[in-house]
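The values are calculated or read from the model by the stated rules, or taken from the named source; none is laboratory data. Treat the numbers as computed from the prediction; the structure is a model and nothing was measured. Counting neighbours? That spans all protein chains shown, and the Cβs are built from the backbone with ideal geometry, glycine included.
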Amino acid sequence: MTRISLTVDGHQVADDVEPRMLLVQYLRERLGKTGTVVGCDTSNCGACTVHLNGSSVKSCNVLAVQADGGEVTTIEGLAKDGELHPVQEAFRECHGLQCGYCTPGMIMQAVDLLKENPHPSEEAIRAGLEGNLCRCTGYHNIVRAVQHAAEQTSHQHPEGVGA
């Protein structure tokens, strides 16, 4: 067992974990962060995307011990004081989901994308979401939701959505 300490959604946690435990397993099984979805277990679908130290990662491709000392934000950690994050709200408003399985990972990746590029073109959005798969929507409303979030937050936060 290896002792890890990290911050998850603003809360400090410390735990003993098997060195081979994946971050997605730790988040779901030990911390109850079930919004982080296990999709393919091969890092192909992106459903398990979280932010580690401010950047999106596929948590099925990261060991929990690699997150030691770091800061993790899950889909549950995006909302603040009962208010949805602007990207979460945009997905709701623009119907950017169907079955919802890919939605947490898509939102986490979109937040990272908009942090890096607050005013992306449609092509940039599609390229930025490339590693996240959706089998239901055809991506049209997902792209619309990201565009909507960018538009809404450019008025409120000129420095970008991730701020």
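Some notes on this structure:
- If the condition is being of a type outside the set (A, V, I, L, M, F, W, C) and assigned to a loop (DSSP other than H, G, I, E, B), then the stretch 16-42 contributes GLU18, PRO19, ARG20, GLY32, LYS33, THR34, GLY35, THR36, GLY39, ASP41, THR42.
- Within the option set LEU113, LEU84, LEU27, LEU97, being farther than 18 Å from VAL143 by Cα and either surrounded by 17 or more Cβ atoms within 10 Å (Cβ to Cβ) or among the small types (Gly, Ala, Ser) (or both) holds for one residue only, LEU27.
- Taking the listed residues CYS60, CYS40, the one that is farther than 16 Å from VAL111 by Cα, modelled with pLDDT of 95 or more and of a type outside the set (D, E, K, R) is CYS60, with no other qualifying.
- Some residue of the stretch 32-42 being surrounded by 14 or more Cβ atoms within 10 Å (Cβ to Cβ), of a type in the set (Lys, Arg) and within 22 Å of ARG135 (Cβ to Cβ): no
- No other residue among ASN141, ASN61 is surrounded by 14 or more Cβ atoms within 10 Å (Cβ to Cβ), more than 23 Å from ILE4 (Cβ to Cβ) and of a type in the set (S, T, N, Q) apart from ASN141.
- Set side by side, the residues LEU97, LEU114, LEU84, LEU78 differ, and just one is farther than 18 Å from GLY10 by Cα, modelled with pLDDT of 95 or more and not hydroxyl-bearing (Ser, Thr, Tyr), which is LEU114.
- Odd one out for CYS45, checked against (1) surrounded by fewer than 21 Cβ atoms within 10 Å (Cβ to Cβ); (2) assigned to a loop (DSSP other than H, G, I, E, B): (1)
- Among the residues of the stretch 64-84, the ones that are on the phi < 0 side of the Ramachandran plot and touching a residue at least 40 places away in the same chain (Cβ under 8 Å) come to 13 in all.
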